[in-house]
Structures are given as C-alpha cells and as structure tokens.
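Data first, discussion second: the structure below is written as structure tokens.
The values are calculated or read from the model by the stated rules, or taken from the named source; none is laboratory data. As the structure is a computational prediction, the values presented were derived from the model and not from experiment. With ideal geometry, Cβ positions are generated from the backbone for all residues, glycine too; neighbour counts draw on all protein chains shown.
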Amino acid sequence: MIDKTTNQKAWFLVLPVVVLVAFNALIPLMTVVNYSVQETFGNNVFFFEGVKWFEQILHSERFHASLLRQLSFTGIILLIEVPLGVAIALAMPKKGPWVSVCLVLMALPLLIPWNVVGAMWNIFALPEIGLLGKMINGLGFDYNFTQQPLAAWFTTILMDVWHWTSLVVLLAYAGLSSIPDAYYQAARIDGASAWSVFRYIQLPKMKRVLTIAILLRFMDSFMIYTEPFVLTGGGPGNTTTFLSIDLVKIALGQFDLGPAAAMSLIYFLIILLLSWIFYTLMMRNEEK
Amino acid sequence: MKNTKWLAPTIYILFLLLPIYWLVSMSFKTTNEILGSFSLWPQEFTLNNYITIFTDPTWYNGYFNSLTYVMMNTLLSVSVALPAAYAFSRYRFLGDKHLFFWLLTNRMAPPAVFALPFFQLYSAVGLFDTPIAVALAHCLFNIPLAVWILEGFMSGVPKELDETAYVDGYSFVHFFIKIFIPTIAAGIGVVMFFCFMFSWVELLLAKTLTSVVAKPIAATMTRTASTSGYELGLLAAAGTLTIIPGAFVIYFVRHHIAKGFALGRV
C-alpha cells in the first residue's frame, strides 16, 4: 500500500469524473425518487402519495415472485460459474503459445452484444432448427424451452454459464499467474498433495480476484435483462421474468410510473446493500 | 493425470465455440433452408445475407452508429478517469473513500432503473437520438469501472517515480503525460478493452436513447426481426458481424489481458 499524502487539491483531479457521473446518476435518480412518491393520471398532473407505492410493491406477490426467481438465478449461476471457472483456470497451460489462444477464444463470449447472445442461443436451442435442441431431443428427452419452464431455466442458466464463466476463468488465471514458481518448488520438496497446494498456495493467492469475480457476477446477474428477454421473453408464462424484465414491463409496458419507480428504488437498494457487504469484506481482506 | 489436463480447457472452448459455429453456419444459409431442413453445415451456401447488410444503409449505418458511440465513450471514460484514478491512488482528501464507493454504486445500478429517466433527461437537453447521448449514458458504468481498474494499476507504481520527477523540475501535467501515462500503458490498454466491451455489449440504454438516426446495430437487429417475420439468415449474418470488432480488440490486448487482470481489479 502506498502511503498517501493529504491534499485537498486532488478534488480538482476527480472533478470531471464527479460531474459526468453525477449528471448521469443524480438527475435520473432524483426523477425516480420523485415519481416514486406521486400518482399521475396523465397530462403531467401529479399528486403526492407518500410511501403508498413502496408498501404496494413490498406486499405484492408479483414482486416477491420476481425477487425469488432473481435470487435463485443468481445463486445457481454463482454456484456453477465460480467453481467451474476456477477448475478451468487451474487446468490451463501456464506458458507457451497456447495461453494466448486459450485467452482469446475464452474472452470471445464476453464481447458479443447481449441481444446477439440471446438471439444466438435462441436459434441454437430451438427444438426444430437448433443444434442443441436437436441434440437433447435426439438423446430422448422431451425438450422445448419455449413451452417448458424447466427447460427455459436450464437454457437460460446454460446461456449464462456460456456467457460469463470466462470472466471467472480470466480473473482466476490472473491470480494464479501471480504465484512465483518458487512456491510450487517448495511445495514439491515438502511432498505436498495437489489438494494442499490448492488449499494453501493457490486459493489464498486467488482470494482477491475471486472476490472481485463474485462481486461482478453477483451484480451483473442481478441486473440481467437483455439475454433472457431475447431468449425466452420472460416466459413461458412468467417463469423466467427476472427483476429487470418485470421492471421494464411495468415502466415501459404499462407505463405505471409510480410503482415502477418505487420498485426501481427497492431493487437498487437491494443490490447496493449486498454489494456493500461484499465491498466491506473485500476491503477488509486487502488491509490484512 | 498430467496428460489429461488439457482436456478440460479444450472441452470448455468447444462448448464456447459451438453456439458461435451455429450462428456463423446459419448466416450462410437461406432462411428457407434454416426453416425447411436440418443440416450441420450450409447445403446451399449463400452470401446473400451479407450482401444485404453491406448494401442496405439501415444495416451498415447501425454498425457505424454503434462503433461511433463506443469509441466516444471509451475515449471520454479513459481521459477523465486517468486524473481521478491518480488522485485516488496518491492523495487523501475530504470524502475520498465515500466518493470512491459512490462511484462504484453506479456500476451496480441496473440500467433498467435508469431507462425511463435517461430518456426524459436526454430528450430535455436535446441530445436524444445522437451517439453523444449513448456515449454519455454509458459513462454511468464505464467511468467507475475505469477509475477502479486504473487506481489498481497506479497503486502498483512506486511513489518515488512521482517524487523524482518533481525534484527534476517536471510540472504535474508534464510528468503525467510524459512519464506516468507511458508507465501504465498496459493498464490503459486493459481499461480501454473493458470500456469498449461494456459499451459494445450494452443494448437497453443504447436502444432507449436512440430512435432513427443513431440506432445501434443491436437495435436494428431486434426491429428487423420483428417487422419482417423470421429473417433468420439475415439475423445470423448481422450477429456474426457484431462478433468481429470484439474479436479484433481481444487480439490486440491478448498479451496484456492476464497481466492486466492480475494488476488491476476489473
């Protein structure tokens, strides 16, 4: 850690960032707060409603259902992507020409626009024309993600694993490549097992990057919108309607500004609270 | 054990490439072939889908629009994030920790929350349907990310570098441009990669803030798909073309990416 000097003039250096981000964050946020406490019947006439929308959202079964779906989705993909990403990073070559090839190919899904990801998986998984759909049905399973909730969940999760595991791999790989060879030599001399090398050398070195990976995957999967929207449209029924999809349905579809704004704030606060917990844990780790 | 180690990454990469292969293979098929029969590779190989895209301005303009706002956003984010990250890595000032966390909270804001207010805000200031609106809106998540990564890189540069330069009579601006920026060039490359990536892949805001003139390619795709029924071949070709800029960018940063991840924080 660099020991920092106190210098209030440093504010001038951060000023452009503060102005730009504040323009994008504070004004819209104020708009949202404003809507969240008012009722409108059109024509720009608004009535103050206090916390009515908040109470309504917090007690609505629809919100509970979306939140539950969202939490399950985020939980499942974290449980799959983090261990899988670490396992692949451990198995990757450490040096040589294959490293670049692996990294470039693995980073590819990260750079595909999200709606293209959704569209790609749609035509990949459709039972009549898609390779995956044909394969699964060929194996004797009855699979149609546009009709069956379970198949829709399976496809959405598989798509997310396809899309984002590479981020965990890249981060874990970066953590691993910062371990000096001497550590491994020492472990070999001591006759350490592969498990204890992992437990006492590799895992501690990956701790920081893994916290970042989990934080990023948590935040982004909690905000997921475009990919499942293009893939399943939130269906069949409402079975894959996650928080963002539900929110956009209310705000832009039904134009219920008040409830949508209240839901936005609750949604944002949930992410903020959970991220704050992650962030504090992370900073505590770094200070050690 | 040692000889089978390559198996896991290989299977993983094949899994990654399979849907992409399917997309590319569909882009060379006619829509009739896609819907009419099932084949692992194109039976009647056609380039018509690509010809349509390259000759129809609504299609190719989409690419220009997307690339325009992505590049504007990348340059803007990096240039304002550089001094800010320097301040965070070198100095203690009033409210620095709170400010840093506040910046990060914007990375956590779901774009769905901001879609409607952004539409109203950018309409009010007369920037609606311009690439500038999208470039500015994407700053919401790209600037915090850029500051976060750059701060990590800069903290890795010993402070003696700054002090020596000041003793040698460099001014702050001169030192920053001539010495400091070249020192963290790899970090800047990584940051640009991430800014490009997150701006290129985002659609919700880009679509909300544009209608005709500045419509991004991703939005062109969704609208074409819905108006003229299932033009699957065309959709696949357009999708394939959106992968190319990304692949290009990764190729350039391939040597720095692992190192960048290790030093920075992403």
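Taking segment B:186-205 as the search range and keeping residues that are in a helix (DSSP H, G or I), under 15 Å from A:E227 (Cα atoms) and within 9 Å of chain A (Cβ to nearest Cβ), which one is farthest from the chain's Cα centre (by Cα)? Don't jump to the end; show me each part of the working.
From segment B:186-205, those in a helix (DSSP H, G or I) are B:186-201, B:204-205; that's our starting set.
Checking which are under 15 Å from A:E227 (Cα atoms) leaves us with B:198, B:200-201, B:204-205.
Still in the list and also within 9 Å of chain A (Cβ to nearest Cβ): B:200-201, B:204.
Working: B:W200: 4, B:V201: 6, B:L204: 14 Å.
So the residue we want is B:L204.
Every test in (1) part of a helix (DSSP H, G or I); (2) within 15 Å of A:F23 (Cβ to Cβ) is passed by B:L127 save one, and that test is (1). Examine segment A:2-17 for a residue that is facing chain B (nearest Cβ under 8 Å), assigned to a loop (DSSP other than H, G, I, E, B), free of Cβ contacts under 8 Å to residues at least 40 places away in the same chain and among the β-branched types (V, I, T), and state whether such a residue exists. The answer is yes; a qualifying residue exists.
Of all the residues that make up segment B:89-106, how many are among the basic types (K, R) and assigned to a helix (DSSP H, G or I)? Before the answer, list the steps.
Residues of segment B:89-106 among the basic types (K, R): B:90, B:92, B:97.
So of that shortlist, the ones also assigned to a helix (DSSP H, G or I) come out as B:90, B:97.
Residues that pass the stated criteria total 2.
Annotation: B:M71 fulfils all but one of (1) of a type in the set (A, V, I, L, M, F, W, C); (2) over 30 Å from B:F198 (Cα atoms); (3) under 22 Å from the mean Cα position of the chain (by Cα); the unmet one is (2).
Output the residue which, of all residues in segment A:235-244 that are touching a residue at least 40 places away in the same chain (Cβ under 8 Å) and surrounded by 20 or more Cβ atoms within 10 Å (Cβ to Cβ), is nearest to the other protein chains (Cβ to nearest Cβ). Outline the logic, then answer.
Kept after step one, since they are touching a residue at least 40 places away in the same chain (Cβ under 8 Å), are these residues of segment A:235-244: A:235-243.
From the residues that got through so far, the ones that are surrounded by 20 or more Cβ atoms within 10 Å (Cβ to Cβ) too are A:240-243.
Numbers: A:T240: 15, A:T241: 12, A:F242: 10, A:L243: 8 Å.
Here the answer is A:L243.
Output the number of residues of segment A:247-273 satisfying the condition of being more than 10 Å from every other protein chain (Cβ to nearest Cβ) and among the polar types (S, T, N, Q). Qualifying residue count for the region: 1.
Conditions tested, residue by residue: (1) more than 13 Å from chain B (Cβ to nearest Cβ); (2) buried (at least 23 other Cβ atoms within 10 Å of the Cβ); (3) not hydroxyl-bearing (S, T, Y).
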residue	(1), (2), (3)
A:L110	no, no, yes
A:V116	no, yes, yes
A:A125	no, yes, yes
A:N144	yes, no, yes
A:I157	yes, no, yes
A:L176	no, no, yes
A:A194	no, no, yes
A:K205	no, no, yes
A:R208	no, no, yes
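The requirement of being touching a residue at least 24 places away in the same chain (Cβ under 8 Å) and either more than 9 Å from chain A (Cβ to nearest Cβ) or in contact with a strand residue (DSSP E or B) (Cβ under 8 Å, 6 or more places away or on another chain) (or both) is fulfilled somewhere in segment B:9-24, by at least one residue.
When you scan segment B:126-133, do you find a residue that is facing chain A (nearest Cβ under 7 Å), at negative phi, in contact (Cβ under 8 Å) with a residue 12 or more places away in the chain and polar (S, T, N, Q), even just one? Spell out how you get there, then give the answer.
To start, the set of residues in segment B:126-133 that are facing chain A (nearest Cβ under 7 Å) comprises none.
No; the residues of segment B:126-133 include none that is facing chain A (nearest Cβ under 7 Å), at negative phi, in contact (Cβ under 8 Å) with a residue 12 or more places away in the chain and polar (S, T, N, Q).
The residues on offer are A:S60, A:S100, and the sole one that is among the small types (G, A, S), more than 22 Å from A:L176 (Cα to Cα) and without any contact (Cβ under 8 Å) to a residue 60 or more places away in the chain is A:S60. Could you please let me know if A:I270 is under 15 Å from the mean Cα position of the chain (by Cα), surrounded by fewer than 20 Cβ atoms within 10 Å (Cβ to Cβ), assigned to a helix (DSSP H, G or I) and β-branched (V, I, T)? Judged against the criteria, A:I270 is a match.
Which residues, counting only those in segment A:74-106, are charged (D, E, K, R) and on the phi > 0 side of the Ramachandran plot? Step through it out loud before you land on a result.
Taking segment A:74-106 first, the residues charged (D, E, K, R) are A:81, A:94-95.
Once the filter is applied, which keeps residues that are charged (D, E, K, R) and on the phi > 0 side of the Ramachandran plot, segment A:74-106 yields nothing.
Residues in segment B:47-79 that are buried (at least 16 other Cβ atoms within 10 Å of the Cβ) and either of a type in the set (A, V, I, L, M, F, W, C) or part of a loop (DSSP other than H, G, I, E, B) (or both): B:I53, B:W59, B:L67, B:V70, B:M71, B:M72, B:L76, B:V78.
With B:F119, B:F114, B:F101 as the choices, which residue is within 22 Å of A:F268 (Cβ to Cβ), surrounded by fewer than 19 Cβ atoms within 10 Å (Cβ to Cβ), modelled with pLDDT under 85 and more than 18 Å from the chain's Cα centre (by Cα)?
Values: B:F119 fails: modelled with pLDDT under 85; B:F114 fails: surrounded by fewer than 19 Cβ atoms within 10 Å (Cβ to Cβ).
Residue meeting the stated conditions: B:F101.
With (1) more than 10 Å from chain B (Cβ to nearest Cβ); (2) more than 28 Å from A:T211 (Cβ to Cβ); (3) under 26 Å from the mean Cα position of the chain (by Cα) as the list, and A:V82 as the residue in question, which single condition is left unmet? Condition not satisfied by A:V82: (2).
Which members of segment A:50-83 meet the condition of being of a type in the set (G, A, S) and under 27 Å from A:L216 (Cα atoms)? Quick ask: steps written out before the conclusion?
At the first step, the residues of segment A:50-83 found to be of a type in the set (G, A, S) are A:50, A:60, A:65-66, A:72, A:75.
A:A65, A:S66, A:S72, A:G75, listed by residue number.
Here A:Y225 clears all of (1) over 22 Å from A:N122 (Cβ atoms); (2) among the aromatic types (F, W, Y); (3) facing chain B (nearest Cβ under 8 Å) except the condition numbered (1).
Considering each of A:V82, A:V17, A:V33 in turn, give the residue that is under 30 Å from B:D96 (Cβ atoms), surrounded by 13 or more Cβ atoms within 10 Å (Cβ to Cβ) and modelled with pLDDT of 90 or more.
Details: A:V82 fails: under 30 Å from B:D96 (Cβ atoms); A:V33 fails: modelled with pLDDT of 90 or more.
Exactly one of A:V82, A:V17, A:V33 is under 30 Å from B:D96 (Cβ atoms), surrounded by 13 or more Cβ atoms within 10 Å (Cβ to Cβ) and modelled with pLDDT of 90 or more, namely A:V17.
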